[in-house]
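J.: Take a look at this one; I'll ask things after.
Rule-based calculations on the coordinates, nothing more; no lab input. Owing to the predicted nature of the structure, the values given are computational and were not obtained by experimental measurement. Virtual Cβ from ideal backbone geometry, glycine too; neighbours counted across all protein chains shown.
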Amino acid sequence: MKVAIKKGLLDMLPLNLAVLPWGLLCGSLAIQNGFTALEAQLMSILVFAGSAQLVAVELMAKEASLLTLIVTTFIISARHLLYGLAIRNKMIDKPLKWRGPIAFFLTDELFAFSHHHRAYQGRLRLVYALVAGGSFYLAWNVWTFFGIVAGQFLPDLTNLGLDFAIAAIFIALVVPGVSNLPVLCACLVSGLSMLYFKTVQFEFGLVAAALLGMSTGYVLQAKEDKS
Amino acid sequence: MITTIVVLACVTFATRYLFLAKNLPFTIGPKFQQLLSFSAPCVLTAIWVPIVFMPNGEFISQLNNPYLLGAAAAVFLAFKFKNLYLTTFGSLIVFYLFF
């Protein structure tokens, strides 16, 4: 048990630190846009979503309609549907006391650690996921709190290159798993199509790029299995 | 305002919980699961690639760009050592040397 807790904390620690600038930004941006401290903190406590949160804060400040807010938040969060699908078979037989919290903590960051074929299998791996996801939640809320109380005194940290840290961590998590041609091609297609979707500003770009990459990997794998 | 926040929280939680709900009765067969097995590397790649190649929303234009060199170092270190901390800190050093 102690090992699972320690590993969960240690694995998530780099990401907990790397998202500091965006947590601060979420807090300070909400205050700048007229949120009370409680409302700003509630965004991170309840909504708990980086980019969706930032966009929602700006939309709410512009007094966008509730429908616009809901649709925009859904579009930015749609990739989580894929995460739920991907871990459904591993999680569906677990009681709600595990499924509920894990679903709540199922961010990009936690999903990044969910790929192991035995992830979520057995109590220790569930504890590991809960600790990793929970520590990220805690860190996100602490950074938000700092942004709320000290946002106006802090410089903008989002252009200090810490976005590179997130890229580096994701590379560190993806590359060791690229063990054959189908996975390699899946990643290449996903990355290249994402660059294209980004240039044309396609809102479902991330989900579309992932689906294109996954299909590529699936087709190549099926071919390999046949021959 | 707080009502709006709660509604948005329901949206984000719904996207995460929907396919983990037991009362959504469907099973994922081996073929679909095979397709989904590519989801983590694909999604993560689709997140890190634009950070590296379009750091300020525009394509990088020079080869000595810190994002590009840092990412190259990260790919090399990750491939060679398969260690999260070593890859992260090693490539961050390369990144800040050129930042």
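J.: Please compute the net charge surrounding A:Asp163, taking Lys and Arg as +1 and Asp and Glu as -1 over other residues with Cβ under 15 Å from its Cβ.
T.: Values: positive: A:Lys198; negative: A:Asp108, A:Glu109, A:Asp156, B:Glu58.
Summing Lys/Arg as +1 and Asp/Glu as -1 gives -3.
J.: Follow-up question, since we're still on this one. Taking a ≥ b ≥ c as the square roots of the Cα gyration tensor eigenvalues, with a/c under 1.5 meaning rounded and otherwise prolate when a/b beats b/c, else oblate, which class fits segment B:38-99? Before the final figure, lay out each step's value.
T.: Details: a/c = 2.36, a/b = 1.10, b/c = 2.15.
The shape class here is oblate.
J.: Provide A:Ile76, B:Ile2, A:Ile45, A:Ile87 in ascending order of the number of other Cβ atoms located within 10 Å of each residue's Cβ, fewest first.
T.: On the way: A:Ile76 23, B:Ile2 11, A:Ile45 15, A:Ile87 26.
Fewest-to-most ranking of A:Ile76, B:Ile2, A:Ile45, A:Ile87: B:Ile2, A:Ile45, A:Ile76, A:Ile87.
J.: Let me ask you something else. Work from the charge dipole of the protein assembly as shown (Cβ charges, +1 for Lys and Arg, -1 for Asp and Glu, about the Cα centre) and give the residue of B:Thr15, A:Ala208, A:Ser227 farthest towards its positive end.
T.: Checked the options; the winner is A:Ser227.
J.: Kindly express, to the nearest 10 degrees and within the range 0 to 90, the angle between helix B:2-17's C-alpha long axis and the longest C-alpha principal axis of chain B.
T.: Roughly 80 degrees between the two axes.
J.: About the Cα centre of chain A, what is the dipole size in debye to 20, counting +1 per Lys and Arg Cβ and -1 per Asp and Glu Cβ, all else neutral?
T.: On the way: 16 positive and 12 negative charges, 213 e Å.
In debye, rounded to 20, chain A gives about 1020.
J.: Here's something else I'd like to know. Give me the number: length gained by fully extending A:Ser215 to A:Gln201, i.e. 0.36 nm times residue separation minus the C-alpha to C-alpha distance, one decimal in nm.
T.: Working: separation 14, 0.36 × 14 = 5.04 nm, distance 2.20 nm.
Length gained between A:Ser215 and A:Gln201: 2.8 nm.
J.: Can you list which of the GluC sites (Glu not before Pro) found in segment A:27-98 are DSSP loop residues with at most 15 other C-beta atoms within 10 Å?
T.: Values: sites: A:Glu39, A:Glu58, A:Glu63; in loops: A:Glu63.
Hits after loop and neighbour filter: A:Glu63.
J.: Ranking request for peptides A:105-112, A:140-147: highest mean number of other beta-carbon atoms within 10 Å first, then the rest in descending order.
T.: Final packing ranking: A:105-112, A:140-147.
J.: I would also like to ask the following. Taking the 0 to 90 degree range and rounding to the nearest ten, how far is the long axis of helix B:66-81 tilted relative to the main principal axis of chain B, both from C-alpha atoms?
T.: 80 degrees
J.: To continue, here is another question. May I ask for the net charge around A:Arg79, where only other residues with Cβ less than 13 Å from the Cβ of A:Arg79 are counted and Lys, Arg are +1 while Asp, Glu are -1?
T.: Numbers: positive: B:Arg16; negative: A:Asp108, A:Glu109, A:Glu203.
Taking every other residue near A:Arg79 into account, the sum is -2.
J.: Among B:Pro50, B:Pro30, B:Pro66, which one shows the biggest mean-square fluctuation in a GNM of chain B, springs joining Cα atoms closer than 10 Å?
T.: B:Pro30
J.: Quick check for you: which residues of segment A:114-157 have the amide N under 18 Å from the point 7 Å beyond the Cα of A:Leu9 toward its beta carbon?
T.: The answer is A:124-143, whose backbone nitrogens lie closer than 18 Å to the label point.
J.: Work out the charge dipole of the protein assembly as shown with +1 on the Cβ of Lys and Arg and -1 on the Cβ of Asp and Glu about the Cα centre, then indicate which of A:Leu181, A:Ile92, A:Ser44 is farthest towards its positive end.
T.: A:Ile92
J.: Mind counting lysine pairs for me in the protein assembly as shown? Cα separation below 22 Å, and the two need to be 8 or more apart along the chain or on different chains.
T.: Step by step, the pairs that qualify in the protein assembly as shown add up to 16.
J.: Using the Cα centre of segment A:28-174 as origin and beta-carbon charges of +1 (Lys, Arg) and -1 (Asp, Glu), tell me which of A:Val127, A:Phe146, A:Thr68 is placed farthest towards the positive end of the dipole.
T.: The Cα lying farthest towards the positive end belongs to A:Val127.
J.: List every DSSP H helix in chain A whose Cα atoms extend 30 Å or more along the helix's own long axis and whose mean Kyte-Doolittle hydropathy is at least -0.5. List each step's numbers first, then the result.
T.: Details: long enough: A:123-150 (39 Å, 1.16); A:205-226 (31 Å, 0.47).
Helices passing the filter in chain A: A:123-150, A:205-226.
J.: Let me ask something else. Give the longest segment of chain A that steers clear of trypsin sites (Lys or Arg not before Pro) in DSSP loops with at most 13 neighbouring Cβ atoms within 10 Å, not counting the sites themselves.
T.: Details: sites that count: A:Lys62, A:Arg118.
So the longest stretch without any such site is A:119-227.
J.: Report, in degrees rounded to the nearest 10, the 0 to 90 angle that the Cα long axis of helix B:39-53 makes with the longest principal axis of chain B.
T.: With both axes taken from Cα atoms, the answer is about 40 degrees.
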